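The block underneath contains the structure these notes are about, expressed in C-alpha cells.
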Amino acid sequence: MDSTKYIGMDVHKDAIAVAVMNAAGKVVMESILETKAATMLQFIRGLRGNLLITFEEGTWAAWLYDLLKPHVSKVTVCNPRKNALLKSGNKGDRIDAQKLAELLRNGSLSAVYHGERGLRTLRELSRSYLTITKDLTRVMNRLKALYHSWGMACSGTRVYAPRHRAEWLSKIKEVGVRRRASPTHQLDGLQALRQAVRRDLLAESRKQTATKLLRQIPGIGPIRAALLVALLQTPHRFRTKRQLWAYSGLAIETHGTGEYHACMMVLRYIDESSSVHRCPRK
C-alpha cells in the first residue's frame, strides 16, 4: 500500500490551514495550526510515510521551506500566479489547502526555486541594494518633476549636489513649494546607505568563484555579476540553456503587431461548405 501523503498548506500570519491527502485522493486529515515553528514540527512528526508538502510563494515561504525541508521528503513552493484552479469554485482556507494537496498529487503545480542556502546572504544584500536604488531613483525623479512643474530646466545631476542645494531652493519663490522641495533634497542619507550596501554586496560576491567567470564577459561589471549570481544561484536549476538565458535577461525578445491586413475573401464551396482564406501581409 502506498504510504505517500500529499500535504497542502494555506499559510497566513496567524494560522495555517492544512489538508493531508493520501495517494488515492482522499483527505485523511485536516487541521488549523498556529503559525509557529514548534507547532508545525509537532504536526509533521505526528505523520507517517512519504511526506510531500506544498504551499504558495509569499512572505512566509522562505522560512517555511527552511523549517520543513529537513523533516519531509519534498517541499514544493508553488507559484500563486499560475494556480488558476484555485480561483475556480468556492474559496476558503480549508478549501484552498485541499486544492493545493490535490494539485500536488496530480503534479499540476509550477514550482518556485528555493535552495542554495550558501547564497542567502548574497541574495539578501542584492535585494537591499536593488530596493535602495529604486527608492533613491524615485526621490530623484520626484525632485526633478517638482522643478519641471514650475518651468525650471534642471537637466544633469547638478540639482542633486549638496553644494548647489541652497541655490536651487532659492529659485523657488513660493514658500509652500520650497518647503515641499526641502525634504526631497535630502538625498544624502539614501546615497550613503546605498554606498554602504554596495560595499557589503561586493565583499560578499568576492567569496563566489562564479563572479570571476562572469566578469570575463564584456559588459558585465562587479555589481551586475553579483546580482546575476544572487538571482540565478545555480545554472543546474534550468533544464536547457535557453531557459537560463531567458531567466537572466540575455535572450533575444521579439515584439510584433499588425502582421496581417484585410484582403478580398475567396469563398470555395466544397461539399456544400465554404472556407475563408486570409492573405498574409507581404
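The values are calculated or read from the model by the stated rules, or taken from the named source; none is laboratory data. Remember, it's a predicted structure, so these values are computed and weren't measured experimentally. Using ideal geometry, Cβ is built from the backbone for each residue, glycine included, and neighbour counts are taken over all protein chains shown. Just the protein is used for accessible areas: all its heavy atoms, side chains included, with ligands, DNA and RNA removed. Shrake-Rupley method; radii C 1.70, N 1.55, O 1.52, S 1.80 Å.
Overview of values
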item	result
Hey, residue 136 at pLDDT 90 or above, open to solvent by 40 Å² or more (accessible area, probe 1.4 Å) and out of contact with any Pro (no Cβ under 6 Å at 6 or more places or on another chain) or not	no
Pairs with Cβ under 6 Å, 6+ apart, first in segment 55-69 and under 22 Å from residue 102 (Cβ atoms), second modelled with pLDDT under 90 and part of a helix (DSSP H, G or I)	56/80
Pairs with Cβ under 7 Å, 6+ apart, first in segment 226-241 and modelled with pLDDT of 85 or more, second surrounded by fewer than 20 Cβ atoms within 10 Å (Cβ to Cβ) and assigned to a loop (DSSP other than H, G, I, E, B)	229/208
Flag for residue 159 being of a type in the set (Val, Ile, Thr), more than 28 Å from residue 223 (Cα to Cα) and open to solvent by less than 60 Å² (accessible area, probe 1.4 Å)	no
Some residue of segment 252-261 being under 25 Å from residue 113 (Cα atoms), modelled with pLDDT of 75 or more and not in a loop (DSSP other than H, G, I, E, B)	no
Filter result for the condition that a residue is closer than 30 Å to residue 237 by Cα and surrounded by 11 or more Cβ atoms within 10 Å (Cβ to Cβ), over 124, 167	124
Residue in segment 237-248 that is of a type outside the set (A, V, I, L, M, F, W, C), surrounded by 10 or more Cβ atoms within 10 Å (Cβ to Cβ), over 21 Å from the mean Cα position of the chain (by Cα) and under 28 Å from residue 200 (Cα atoms) present	no
Number of the exception - residue 190 against (1) more than 16 Å from residue 119 (Cα to Cα); (2) open to solvent by 60 Å² or more (accessible area, probe 1.4 Å)	(2)
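Residues checked against (1) in contact (Cβ under 8 Å) with a residue 40 or more places away in the chain; (2) in a helix (DSSP H, G or I):
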residue	(1), (2)
133	yes, yes
136	yes, yes
141	no, yes
144	no, yes
154	no, no
172	no, no
183	no, yes
199	no, yes
218	no, no
